[in-house]
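This report concerns only the one structure given below.
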Amino acid sequence: MALSVEPGGENHDLAAGLARINAGVADAARAAHRDPAEITTIVVTKFHPASLVRDLYALGVRDVGENRHQEARAKAEETSDLEGLRWNFIGQLQSKKARQVRRYAAAVHSLDRESVIAALADPDPDYPEAAPLPGFLQINLTDDPGRGGVNPAEVEAAATRVLESAALDLRGVMAVAPLDEEPRVAFARLREISERVRRLKPEARFISAGMSHDYAAAIAEGATHLRIGSAITGKRPEQR
Ligand SMILES: *Cc1c(COP(=O)(O)O)cnc(C)c1O
């Protein structure tokens with residue numbers, strides 16, 4: 001009989017990884033005088049099989065994240081029986097595929113280019129009655145304009161574009177900390193950008209920031225949605 005492969009690689013203990021991160025999030029929240037209940041941990045399952053999503057669900061996880069449309073769609077289909085499971089799309093979107101994300105995603109964290117916003121700005125003609133799609137404006141915190149995310153100088157224009165769309169519901173901002181900078185310094189800039197967005201729409205107050213290695217810094221700067229992968233799931237399988 002073939003040996004079954006454990007989620008996250010042989011012998012990886014998913015429950016222990018999850019418990020460790022939950023405790024770390026609670027500690028970081030306490031240190032920042034925040035209520036851990038206002039922080040959502042999205043478990044990033046990219047490159048892992050749908051069976052890992054099932055295992056996470058059994059452990060109580062309801063928010064998962066994926067960064068590639070085809071993979072996300074396939075896993076959402078394979079796990080469509082899991083009630084209350086929310087798929088968060090966190091990767092770069094191609095405008096041609098953007099509209100399809102609406103079919104399975106509970107939220108899109110990577111609204112950035114005008115073409116992507118435009119692709120999602122109109123209701124899906126096949127589901128015109130669908131609720132507006134919750135979205136986060138991704139901010140480029142690096143000084144490389146070629147990276148994903150809206151340039152900080154263009155935040156008001158991009159946010160306004162999202163706010164004008166009846167098919168999108170702006171919830172806040174999202175960012176990845178640059179590799180060459182202290183994460184807390186970068187997340188402090190994100191917090192200021194979040195305040196600018198809230199001047200346009202007070203309810204758009206959420207901040208999607210913080211990954212396996214920098215989530216405590218993100219919590220210190222107000223993150224409400226963490227996107228954590230490897231610290232919970234173990235090493236990702238070979239990237240295809
Ligand atoms: C993969 C990914 C994460 C999670 O990264 P880890 O270091 O595994 O926690 C978070 N955000 C985005 C946008 C990602 O692509």
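The values are calculated or read from the model by the stated rules, or taken from the named source; none is laboratory data. Fair warning: this is a prediction, and the values are worked out from it, not measured in the lab. Every residue, glycine among them, receives a Cβ derived from its backbone with ideal geometry; neighbour counts consider all protein chains shown.
Looking at GLY149, is it closer than 25 Å to GLU71 by Cα, of a type outside the set (Lys, Arg) and modelled with pLDDT of 95 or more?
In short, yes.
Out of the residues in region 202-234 that are surrounded by fewer than 19 Cβ atoms within 10 Å (Cβ to Cβ) and out of contact with any Ser or Thr (no Cβ under 6 Å at 6 or more places or on another chain), which is nearest to THR41 (Cα to Cα)?
MET211
Across region 107-120, what is the number of residues that are crowded, with 17+ Cβ neighbours inside 10 Å and either part of a strand (DSSP E or B) or more than 16 Å from the ligand (Cβ to nearest atom) (or both)? I'd like the intermediate steps shown before the answer.
Let us first name the residues in region 107-120 that are crowded, with 17+ Cβ neighbours inside 10 Å, namely 107-113, 116-117, 119-120.
Narrowing further to those that are either part of a strand (DSSP E or B) or more than 16 Å from the ligand (Cβ to nearest atom) (or both): 107-111, 117, 119-120.
Adding up the residues that qualify gives 8.
With the requirement that a residue be modelled with pLDDT of 95 or more and surrounded by fewer than 18 Cβ atoms within 10 Å (Cβ to Cβ), what does region 121-141 give you?
Applying the first criterion (modelled with pLDDT of 95 or more) to region 121-141 yields 132-141.
Within region 121-141, just PRO132 meets the criteria.
Against the definition (in contact with a Phe, Trp or Tyr (Cβ under 7 Å, 6 or more places away or on another chain) and not hydrophobic (A, V, I, L, M, F, W, C)), how does GLU221 come out, yes or no?
Working: in contact with a Phe, Trp or Tyr (Cβ under 7 Å, 6 or more places away or on another chain): yes; not hydrophobic (A, V, I, L, M, F, W, C): yes.
So GLU221 passes the test.
Which one of these does ALA188 not meet: (1) on the phi < 0 side of the Ramachandran plot; (2) modelled with pLDDT of 95 or more; (3) under 18 Å from the mean Cα position of the chain (by Cα)?
Of the numbered conditions (1) on the phi < 0 side of the Ramachandran plot; (2) modelled with pLDDT of 95 or more; (3) under 18 Å from the mean Cα position of the chain (by Cα), the odd one out for ALA188 is (3).
Across region 168-201, what is the number of residues that are surrounded by 24 or more Cβ atoms within 10 Å (Cβ to Cβ) and acidic (Asp, Glu)?
Residues in region 168-201 being surrounded by 24 or more Cβ atoms within 10 Å (Cβ to Cβ) and acidic (Asp, Glu): 0 in total.
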